[in-house]
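The values are calculated or read from the model by the stated rules, or taken from the named source; none is laboratory data. Given the structure is predicted, the values throughout are model-derived calculations rather than measurements. FYI the Cβ positions are ideal-geometry reconstructions off the backbone, even for glycines, and counts take in every protein chain you see.
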Amino acid sequence: MFTEFFFELRAQGVPVSMNEWYTLLEALERGMAYSSLIGFYYLCRAVLIKSEAYYDKFDLAFARFFEGVETPEDLPEQIWEWLERELPNDHTVRMLGDLKQYDLDTLKQMLAERLAEQTEEHHGGNYWVGTGGTSPFGHSGYHPGGIRLGGESQNRSAVKVAAERRFYEFRDDETLDTRQFQMALRKLRQFTTRLEGAKTELDLDETIEATGKNAGRLELVWTRPRQNAIKVLLLMDSGGSMLSYSQLCNQLFMAVNRSTHFKDLQIFYFHNCIYDWLYLDPSCRQSESIKTTYVLNSLDSDYRVILVGDASMAPSELVRVGGIIDWGLYNEEPGLTWLQRLRRHFEYAVWLNPIPARYWKWAEGAYTIKQIREVFPMHELTVQGLDQAVKALMARKQ
């Protein structure tokens, strides 16, 4: 049973190592799950999960594997009627006995035996199937290793907890919200000390050293504040097929604008592909545009470039002269040539695609996605994808 659960976790993408699995088995042998499914759930999560990013995948695997364990569907109708009755007003819950020696299969066998013996409804007590009390079978009572049958959960059964997927937002393979964008962008930093300006920040290490050399008498040493030397160029696809991702792009735009730690930030827009012009706002109006060559000549090669788009367009838009579809415009060079020129100029550049990576080979724009991936490293627009992109932007060139 547990071996199959191990493979279910791996199938859901939870990276469980053999050392961790053996640790779990050892914990089970010591009774740390307390013969309870909810105890087993929390024990597994504590031992096997390395990061909150895997909580949701763990919940999916747990709910799928233990589905149906909580309440057998083949209970006699008469038993269901007993369980649906109201509890007596003077009902109290007491815990009797220690059932740690029973595993789940044994409990199921005990349930079948007691249903064969039982002839009437029962409330309270610690043996028959019913409501209240401390019997291993029924509801509205308490037993550390029991199975709830019907009723509402009093103690949060493991399968129900897992099925709620309360950690969905912690996944690292789901699309981002504004806060997650901001947290990911904070990793784009490379601190340096300004060469000019007032020394207004206490240098703790130098202060300790100077104080030691001064026979323990405090001597404060001040330095100039460190600033992030990273400069960012954000280029965003706007309109057309990107309308489906407009909310996501708006979140990114807000997150970038709230990120005040960059030395410089430049934002421009394009429609489907980059040509002779870049636009100053998402409407991509020709009256609000700037020459792409001007941007290339004005910005140093040390800018970190982030392109955001689905990379999906007609092949002619990417590889042909005059392939641009904007009314009244004509490109003298193919869009692919402009992308290659951009890649040559800037040392660090990545492409973020809102289309999940599993569809890149089969999406409507699969051809252009493939061509653009040969120019720029492409990552999914997810927490994990953005984290990988940031690492690529910060990697030292050999």
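Per-structure values
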read-out: Single condition Thr337 does not satisfy, out of (1) in contact (Cβ under 8 Å) with a residue 40 or more places away in the chain; (2) surrounded by 14 or more Cβ atoms within 10 Å (Cβ to Cβ); (3) of a type outside the set (D, E, K, R); value: (1)
read-out: Which listed residue, of His271, His261, is touching a residue at least 24 places away in the same chain (Cβ under 8 Å) and either out of contact with any Ser or Thr (no Cβ under 9 Å at 6 or more places or on another chain) or not assigned by TED's automatic domain parsing to the domain that holds Ile372 (or both); value: His261
read-out: Which listed residue, of Gln251, Gln247, is assigned by TED's automatic domain parsing to the domain that holds Leu381 and either surrounded by 15 or more Cβ atoms within 10 Å (Cβ to Cβ) or in a strand (DSSP E or B) (or both); value: Gln251
read-out: Within the stretch 340-358, tally of residues that are in contact (Cβ under 8 Å) with a residue 60 or more places away in the chain and crowded, with 19+ Cβ neighbours inside 10 Å; value: 2
read-out: Cβ-Cβ under 8 Å pairs, at least 6 apart or on other chains, the stretch 379-390 side crowded, with 20+ Cβ neighbours inside 10 Å, far side among the hydroxyl-bearing types (Ser, Thr, Tyr) and not in a helix (DSSP H, G or I); value: Leu381/Thr175; Thr382/Thr175
read-out: Condition met for Phe167 (of a type in the set (Phe, Trp, Tyr), farther than 30 Å from Glu317 by Cα and either at pLDDT below 70 or in contact with a Pro (Cβ under 9 Å, 6 or more places away or on another chain) (or both)); value: yes
read-out: Within the stretch 258-286, tally of residues that are more than 23 Å from Pro354 (Cβ to Cβ), in a loop (DSSP other than H, G, I, E, B) and not charged (D, E, K, R); value: 2
read-out: Filter result (part of a helix (DSSP H, G or I) and basic (Lys, Arg)) within the stretch 375-398; value: Lys391
read-out: From the options Ser298, Ser289, Ser283, Ser312, residue that is in the same structural domain as Asp237 (by TED's automatic domain parsing), of a type outside the set (A, V, I, L, M, F, W, C) and without any contact (Cβ under 8 Å) to a residue 12 or more places away in the chain; value: Ser298
read-out: Enumeration of residues in the stretch 359-378 that are surrounded by fewer than 19 Cβ atoms within 10 Å (Cβ to Cβ) and out of contact with any strand residue (DSSP E or B) (no Cβ under 9 Å at 6 or more places or on another chain); value: Tyr359, Lys361, Trp362, Ala363, Glu364, Ala366, Tyr367, Lys370, Gln371, Glu374
read-out: Any chance Glu332 is over 15 Å from Leu234 (Cβ atoms), loosely packed, with under 14 Cβ neighbours inside 10 Å and in the same structural domain as Phe253 (by TED's automatic domain parsing); value: yes
read-out: The stretch 34-57, residues that are free of Cβ contacts under 8 Å to residues at least 60 places away in the same chain and under 17 Å from Glu4 (Cβ atoms); value: Cys44, Leu48
